[in-house]
Amino acid sequence: MGQVVGAAVVVVATLGCVLSPVLSSPDADSSDIRSFNIGGILSDTESDAHFKLTISQINVNRSYVDPNKTLLKDVTMLMDSNPIRTALDVCKKLVSKSVYAVVVSHPLNGDLSPAAVSYTSGFYHIPVIGISSRDSAFSDKNIHVSFLRTVPPYSHQADVWVELLKTFQYTQVVFVHSSDTDGRALLTRFQNQAQSHEDDKDIKMENVIEFEPGLNSFVDKLKEMREASARVILLYANKEDAGTIFHDASYMNMTGRGYVWVVTEQALNAEHVPAGAIGLKLVNASDEDAHITDSLYILAMAIKKLRDDDNTTTEQPPQDCNNTGTSWETGKKLFQYILEQVLKNGLTGKVAFDENGDRINAEYDVINIQEFNETTGLRKEHVPVGQYKYNKPPRGAGKEEGGKTLSTTTPQPQTKETMTLEINENAIVWPGNTTIKPQGYMIPTRLKVLTIEEKPFVTTQKIESKAECLGGGRVLCPWYNSSGEGSDLFCCTGYCIDLLNTLANKINFTFELALSPDGQFGSLQMNENTGKKEWTGLIGQLVNQTHGADMIVAPLTINPERAQVIEFSKPFKYQGITILERKQPRYSTLVSFLQPFRNTLWILVMVSVHVVALVLYLLDRFSPFGR
């Protein structure tokens, strides 16, 4: 007992030494020093002690606090798992002490208490920084008006998913998600990120499967997924639902060779998670002390800016939850100042916020589930195979705080500030216990083939019944309108149809033939709605998978633009550029013998004959030997 008391005395004495420079500074005028109470709602006594220690360290750091103007004070309480009691404690223990901001952790059990803190504090516009809540509901600023967090929501994992798919060169996926707020937020963010590639190669979702949380069976949905050609499955589900999905997928042989499972952080820890699955793990997610430190330094920076920019009009925070008639404008300004702050080298990495108060530039470890043989059986382990990280500034750019770097210094100009994905593909073990990366798709044995009328390659004839198109190399080829609702029956013949039948017999596949809905071969045109160039006609049907087209059989011209988006077979007809000219008839006349030369040439010949004759005459006439 004496040792415990002695230790407490040492801590108190240490804190007294730390605070004494602030309180007894010779340059400080006590009337100019403004105290700012910072509330802390923490999970345990260890976090409470760290919170208070960090406040004392910030007070002696002139980079964050001016000791002549500002003093930060801590007001803490332990989190209660009952949200109603938590809301009452916020009023009784924090609001009554005029706190300027609140840092909230999580209870040891339950997950509703942070929301209660956000509701209560948000009513008075007191900024709240969460350090553990990752639900997407906290991003809604109509409900959580003053909530920020040093951890990203679960939906931000979509950013890493897109980078993973680009790295593995997978362009077609099946997206499976729960129908709750987080699942739909993840889907929306993935769609936005997948369509914003600089190389304009979008990731296509062949199928989107949505399910209600609390699954008992997922077999019917898995049967639907198995019909798709894509074998890359993106899964968002909580731990319990993910266990059910993995169990049923294993039963249907959908977790073995050829499949790729990319899952979120919750599903990575589920029961029956298949070997070879790839998931994400937020770096420093469980390091509560590090998040407390980063939150308090962010608050110190925002308060410093508030003190410098708005020194004369800073209002005192509300002190009574029963007073609902006033709005604390200073709290709104402080919230905006917090949003603007950037902690370059925080203990949890770069700390910055988007317009919703969500953490951006968060770092993740890429985890691969691998199996190892042991005497007791197979053992699954989470093996790191990569990292999604922020390119940090050079060393020495920050200031040392307690043996770790905390910095707001701008990186050197040559340092590129981006999020990068580093993957060691050689270390990945894929489903089926193979190190060979799957193709990500399955080539079906029944193909949807599109064609277009172009005689003599493809000739169409409208028919009334399917019986009219039997035998003789004829193939049924219905025409569907663009909406896919109405259709007309046609029968197709011609060279391309004969070629298709021959290929089907040689390669052993079946097909379903249809005519192009818009009757065009396809060109690249600007879409006014999206602002991007898109393919029309047959090419657009194949590229966009509008009606599930797998192949085109038509007299289609090969050009560089088309060759960039689809694969062509060897040409079955070469057609060069030829100019045809009408043959002129020839008539024979009496002077046709003169046609080999022009008239001027004949005149010159006649003149030259006479000139030569005249010269010969003169030479002969005046020659001494002449007669």
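The values are calculated or read from the model by the stated rules, or taken from the named source; none is laboratory data. Values in this document were obtained by computation on a predicted structure and should not be read as measured data. Here the Cβ is made from the backbone with ideal geometry for all residues, glycine too, and neighbour counts use every protein chain on show.
General remarks:
- Of all residues in region 74-98, those that are assigned to a helix (DSSP H, G or I) have Cβ atoms under 6 Å from Cβ atoms of residues that are modelled with pLDDT under 90 and charged (D, E, K, R), 6 or more apart or on another chain, in THR86/ASP80.
- Hey, SER121 part of a helix (DSSP H, G or I), free of Cβ contacts under 8 Å to residues at least 40 places away in the same chain and farther than 30 Å from LYS389 by Cα or not: yes
- Of all residues making up region 234-258, the number that are hydroxyl-bearing (Ser, Thr, Tyr) and part of a loop (DSSP other than H, G, I, E, B): 1
- Residue match in region 119-132 (condition: among the small types (Gly, Ala, Ser), crowded, with 22+ Cβ neighbours inside 10 Å and over 21 Å from LEU72 (Cα atoms)): no
- GLY531 crowded, with 20+ Cβ neighbours inside 10 Å and of a type outside the set (S, T, N, Q): no
- Close contacts from region 359-382, counting a first residue that is buried (at least 19 other Cβ atoms within 10 Å of the Cβ) and among the β-branched types (Val, Ile, Thr) and a second that is part of a strand (DSSP E or B) and modelled with pLDDT under 90, with Cβ to Cβ under 6 Å and a gap of 6+ residues or different chains, come to ILE369/LYS380.
- Set side by side, the residues LYS344, LYS350 differ, and just one is outside the structural domain of VAL162 (by TED's automatic domain parsing), buried (at least 18 other Cβ atoms within 10 Å of the Cβ), in contact with a Pro (Cβ under 8 Å, 6 or more places away or on another chain) and over 30 Å from LYS92 (Cα atoms), which is LYS344.
- Pick from region 263-310, criterion assigned to a loop (DSSP other than H, G, I, E, B) and hydrophobic (A, V, I, L, M, F, W, C), ranking: surrounded by the fewest Cβ atoms within 10 Å (Cβ to Cβ): VAL283
Quick grid of which residues meet (1) among the hydroxyl-bearing types (Ser, Thr, Tyr); (2) surrounded by fewer than 22 Cβ atoms within 10 Å (Cβ to Cβ); (3) not assigned by TED's automatic domain parsing to the domain that holds ILE38:
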site: ILE143; (1), (2), (3): no, yes, no
site: PHE190; (1), (2), (3): no, no, yes
site: ILE203; (1), (2), (3): no, yes, yes
site: ARG226; (1), (2), (3): no, yes, yes
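- As a summary of the residue check, ILE367 satisfies the conditions (1) part of a strand (DSSP E or B); (2) within 20 Å of ASP289 (Cβ to Cβ) except for the one numbered (2).
- Hits in region 32-62 (condition: in a strand (DSSP E or B) and not aliphatic (A, V, I, L, M)): ARG34, SER35, PHE36, ASN37, GLY39, GLY40
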